[in-house]
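Contents: one structure, followed by commentary.
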Amino acid sequence: MANFITVKDLVYEYAREQGADNHNLAIDHVSIEVTRGEYVAIAGSNGSGKSTLARCLNGLLLPTEGAILIDGMDTKDDDLIWDIRKKIGMVFQNPDNQIVSSMVEDEVAFGPENLGIENPELRQRVENALKAVGMYEYRNREAHKLSGGQKQRIAIAGAVAMRPDCIVFDEPTAMLDPGGRAEVIEASHKLNKEENITVLLITHHMDEAINADCIYVMDNGSVVMSGTPTEIFSRVDELQKLKLTAPEASVMAFELR
């Protein structure tokens with residue numbers, strides 16, 4: 001199967017201050033592949049480069065070196081950038097920073113309206129997106145009165161209403177309590193399984209990656225581990241050195257060995 005996302009020897013370097021280390025790269029020669037319909041987790045501690053990688057995927061940041069191809073389209077091609085962004089939706093850490101409308105239904109409709117989508121398709125997109133994340137019954141609620149997890153699901157619905165092929169979740173649970181975290185991760189898996197949306201989950205909570213098809217672990221701008229959850233979580237000692245916590249069952253098995 002052809003790759004939907006191909007990251008080729010990617011380098012990204014933020015503008016250096018005078019006297020800064022010339023080799024302090026945010027992304028240091030990273031290569032990953034994602035096929036259509038996969039659920040891929042990109043894990044790492046703070047400062048590992050995973051969020052910078054997320055922003056490179058839909059052209060918010062452009063490679064210093066290397067390339068990113070989205071369904072065969074190069075993110076460095078200015079003529080293709082809007083087509084790429086239609087294919088790659090983004091959900092960020094803080095739901096309050098993503099919500100621009102007072103009412104839930106209006107919030108989910110905001111993106112498609114800006115694409116020029118008109119009724120009745122607009123209404124159908126909003127309804128389907130809210131149902132996909134389990135928030136349809138909240139459609140007439142005020143967005144600011146929702147819980148953190150509910151707000152994040154509304155942000156996800158806004159991305160879904162744009163009809164992307166892929167959604168990149170950039171640490172979407174970082175500001176949520178355990179209940180909110182569970183809601184958001186459940187919604188991401190539902191979209192992947194039922195809507196066939198390719199998912200890239202950026203996280204430092206390793207337990208959120210348990211049901212991924214593949215996990216890439218980043219450290220200091222590089223991919224240092226990759227494999228299935230079973231393969232990654234069997235390397236408990238390496239994860240601990242990277243300041244990442246494996247699921248309790250994996251830790252117990254490691255200690256027993």
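May I ask you to list the residues in segment 179-200 that are among the β-branched types (V, I, T) and farther than 19 Å from A43 by Cα?
As a first pass, look at segment 179-200 and keep what is among the β-branched types (V, I, T): 184-185, 197-199.
Passing the criteria: only I197.
Within segment 39-57, track down each residue that is open to solvent by 40 Å² or more (accessible area, probe 1.4 Å) and either assigned to a helix (DSSP H, G or I) or of a type in the set (S, T, N, Q) (or both).
From segment 39-57, those open to solvent by 40 Å² or more (accessible area, probe 1.4 Å) are 46-47, 55; that's our starting set.
Correct list: N46, R55.
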Q) Restricting attention to segment 161-200, and to residues there that are part of a helix (DSSP H, G or I) and open to solvent by less than 20 Å² (accessible area, probe 1.4 Å), which single residue is farthest from G59 (Cα to Cα)? A) G180
Q.
With the structure loaded, tell me whether R36 is surrounded by fewer than 20 Cβ atoms within 10 Å (Cβ to Cβ), of a type outside the set (G, A, S) and within 29 Å of A209 (Cα to Cα) or whether it fails that test.
A. yes
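Could you check segment 142-159 and list, in sequence order, the residues that are touching a residue at least 60 places away in the same chain (Cβ under 8 Å) and over 24 Å from D207 (Cβ atoms)? Explain how you work it out, then say what you get.
Narrowing segment 142-159 to residues touching a residue at least 60 places away in the same chain (Cβ under 8 Å): 152, 155-156, 158-159.
Result: G158, single match.
Test of understanding: among A157, A129, which residue is open to solvent by less than 10 Å² (accessible area, probe 1.4 Å), within 28 Å of L69 (Cα to Cα) and in contact with a Leu (Cβ under 6 Å, 6 or more places away or on another chain)? Show your work before the answer.
Details: A129 fails: in contact with a Leu (Cβ under 6 Å, 6 or more places away or on another chain).
None of the other options fit; the residue is A157.
Which count do you get for residues in segment 60-111 that are outside any loop (DSSP other than H, G, I, E, B) and touching a residue at least 40 places away in the same chain (Cβ under 8 Å)?
We begin by selecting, within segment 60-111, every residue outside any loop (DSSP other than H, G, I, E, B); these are 65-70, 73-74, 78-91, 95-97, 103-111.
If we keep only those that are touching a residue at least 40 places away in the same chain (Cβ under 8 Å) too, we end up with 65-70, 86-91, 95-96, 103-104, 107-111.
Count: 21.
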Q: Could you pull out the residue among N211, N220 that is of a type outside the set (G, A, S) and in contact with a Gly (Cβ under 8 Å, 6 or more places away or on another chain)?
A: N220
Q: Output the residue which, of all residues in segment 92-126 that are aliphatic (A, V, I, L, M) and within 22 Å of T173 (Cβ to Cβ), is surrounded by the most Cβ atoms within 10 Å (Cβ to Cβ).
A: V108
(Q) Let me spell it out: the conditions are (1) at negative phi; (2) open to solvent by 40 Å² or more (accessible area, probe 1.4 Å); (3) at pLDDT below 95, and K243 meets all of them except one. Which number is the exception? (A) (1)
Q | Verdict on S147 being open to solvent by 60 Å² or more (accessible area, probe 1.4 Å) and either modelled with pLDDT under 95 or more than 20 Å from S51 (Cα to Cα) (or both) | A | no
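Per-residue answers, yes or no, for (1) in a helix (DSSP H, G or I); (2) over 26 Å from T35 (Cα atoms):
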| residue | (1), (2) |
| --- | --- |
| E208 | yes, no |
| A212 | no, no |
| I215 | no, no |
| V223 | no, no |
| I232 | yes, no |
| E238 | yes, yes |
| K243 | no, yes |
| S250 | yes, yes |
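The values are calculated or read from the model by the stated rules, or taken from the named source; none is laboratory data. Computed from a predicted structure; not experimentally measured. Using ideal geometry, Cβ is built from the backbone for each residue, glycine included, and neighbour counts are taken over all protein chains shown. For the accessible areas, the whole protein counts, side chains as well, though only heavy atoms, and no ligand, DNA or RNA atoms are used. Shrake-Rupley method; radii C 1.70, N 1.55, O 1.52, S 1.80 Å.
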